[in-house]
Amino acid sequence: MADRGPHPTLRIKATKSRSLLGKRIVLGVTGSIAAVRTVELAHELIRYGADVFAVMSDAAKEIIHPYTLHYATGHEVVTKLMGNIEHIEFLGMEGAADLFLIAPCTANTINKIACGVSDTPVTTFAATALGSGVPIMIVPAMHETMFESPVLRENIEKLKKLGVVFVGPKFEEGKAKIADVEDIVLNVEHVLSERRLQGKRILITGGPTLEPIDPIRVITNRSSGKTGVELAKEAYRQGAEVTLVHNKRLNIWGIREIKVETAREMLEACLDELSTGYDAFISAAAVSDFTVEPFDTKIKSDAATTLRLIPNVKLIDTVREKFPDLVMVGFKAETNVSDEELIRRARAKMEECDLQMIVANDVARGGMGTDDNDVYIIKKDSEEVKRVSGLKKVIAEAIIEELAEILS
């Protein structure tokens, strides 16, 4: 038979990102109903550039057929250990894999791995990875009462002390459900990245603030908060301990979030956090320049009302005053100016606020509330200006790369 070339599934490889390009991930699947999510998970890992190889327990085959995972990964699936000693080939001392990801992982499998039992392909792969030092990531999925078992919790802690990374579960409807695919992929990137910010603590602000007019209405702006979220994710990918202060609650696994609404709340949250010791502060939020004295009751909609705008205290100025040695990154938004004038104003703000780096863009051309942007990255004491265009994920990668150089 003629060589048919790569499996059709592999045509999606690295179509979203190249962050996992060159990485081999062994995906262990156990007998949870959440096994139906593994097609989506495998495809997403491949879209980020990874090569994915699946291994299944007998119980998993009762949920999905091995052909399904063959389709999902583009590779033959290991369902029993044969003469190729697949567990050694992938996860031995000279194994080809970079990570053993067990998703979903049942309570039964967790307990077996913790006790050194190797009676399924998945548990045998896990024992091999523990012995060779290949990273293991476990994504639990089971009923909540099973997850709360003291025996299971003790075994989870035992495995964590051995270096096993746990992602999830997500508690809903009385179940400890498998983590979202996006969170799993983010944490795979976190484990396999260059970890250029390992050991660093980064505080990031994002999104708009909301200044109350009355119990219903607010003053706000068009910021979506996407840049702040992407910055937090990229800093976490690179190994940092990240806190994100914004007006949402996204529950991103691995990132600590502090929900605030007003400019005053954001300022107080930042000052409190920074007092605990951080290596860098990225002020990406579109903080309201003005607030008002709010009405206690809803303003009548059939009468003209005058609002008196009161300037807010500048967050970035206050932070610099309180923490003179902190590495700080600011943002400068302008409208309808030339590139030269935009850069000039950004440099002036960087000098005024004593920032190590500033990111500038003309929001009249786009970027506010959109998925992409066109920005200039300017560093202190450098004549170089770096222009980055594209998705905010790409822009965040460039900003964090420059920050890692500063912190190094």
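The values are calculated or read from the model by the stated rules, or taken from the named source; none is laboratory data. All values derive from a computational prediction rather than experimental measurement. Because the Cβ atoms are built from the backbone with ideal geometry, glycine has one as well, and the counts that use them run over all protein chains shown.
Just a few scattered comments:
- Members of the range 257-268 that are in contact with an Asp or Glu (Cβ under 8 Å, 6 or more places away or on another chain) and either polar (S, T, N, Q) or closer than 13 Å to Lys233 by Cβ (or both): Thr262
- Of all residues making up the range 146-176, the number that are touching a Lys or Arg at 6+ places or on another chain (Cβ under 7 Å) and either of a type in the set (S, T, N, Q) or at pLDDT 95 or above (or both): 2
- Residue match in the range 67-84 (condition: part of a strand (DSSP E or B), over 23 Å from Glu189 (Cα atoms) and touching a strand residue (DSSP E or B) at 6+ places or on another chain (Cβ under 8 Å)): yes
Every residue, every condition in (1) modelled with pLDDT of 95 or more; (2) under 27 Å from the mean Cα position of the chain (by Cα); (3) closer than 18 Å to Leu27 by Cβ; (4) crowded, with 19+ Cβ neighbours inside 10 Å, yes or no:
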position	(1), (2), (3), (4)
Asp58	yes, no, yes, no
Thr68	yes, no, yes, yes
Glu76	no, no, yes, no
Leu81	no, no, yes, no
Ile85	no, no, no, no
Leu91	no, yes, yes, yes
Ala114	yes, no, no, yes
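- Filter result (more than 22 Å from Val359 (Cα to Cα), of a type in the set (Asp, Glu) and within 24 Å of the chain's Cα centre (by Cα)) within the range 266-320: Asp272, Glu273
- Which listed residue, of Leu197, Leu186, is surrounded by 19 or more Cβ atoms within 10 Å (Cβ to Cβ) and in a loop (DSSP other than H, G, I, E, B): Leu197
- Residue in the range 254-265 that is in contact with a helix residue (DSSP H, G or I) (Cβ under 9 Å, 6 or more places away or on another chain), part of a loop (DSSP other than H, G, I, E, B), assigned by TED's automatic domain parsing to the domain that holds Glu401 and without any contact (Cβ under 8 Å) to a residue 60 or more places away in the chain present: yes
- Unique residue being out of contact with any Ser or Thr (no Cβ under 6 Å at 6 or more places or on another chain), closer than 30 Å to Glu173 by Cβ and either of a type outside the set (Lys, Arg) or surrounded by 20 or more Cβ atoms within 10 Å (Cβ to Cβ) (or both) when the list is Ala126, Ala96, Ala141: Ala126
- Condition met for Asp381 (under 28 Å from Glu182 (Cβ atoms) and either aliphatic (A, V, I, L, M) or not in a helix (DSSP H, G or I) (or both)): no
- Some residue of the range 321-330 being assigned by TED's automatic domain parsing to the domain that holds Val260, in contact with a strand residue (DSSP E or B) (Cβ under 8 Å, 6 or more places away or on another chain) and over 27 Å from Leu244 (Cβ atoms): no
- Any hit, the range 328-349, residues being touching a residue at least 24 places away in the same chain (Cβ under 8 Å), in a strand (DSSP E or B) and over 23 Å from Asp317 (Cα atoms): no
- Assessment of the range 368-377 against the conditions (assigned to a helix (DSSP H, G or I) and out of contact with any Pro (no Cβ under 8 Å at 6 or more places or on another chain)) yields no matching residue.
- From Ala364, Ala346, Ala398, residue being within 30 Å of Thr15 (Cβ to Cβ), in the same structural domain as Asn221 (by TED's automatic domain parsing) and of a type in the set (A, V, I, L, M, F, W, C): Ala398
- Taking the range 124-166 as the range and being of a type in the set (A, V, I, L, M, F, W, C), in a helix (DSSP H, G or I) and out of contact with any strand residue (DSSP E or B) (no Cβ under 8 Å at 6 or more places or on another chain) as the test, the residues that pass are Ala127, Val151, Leu152.
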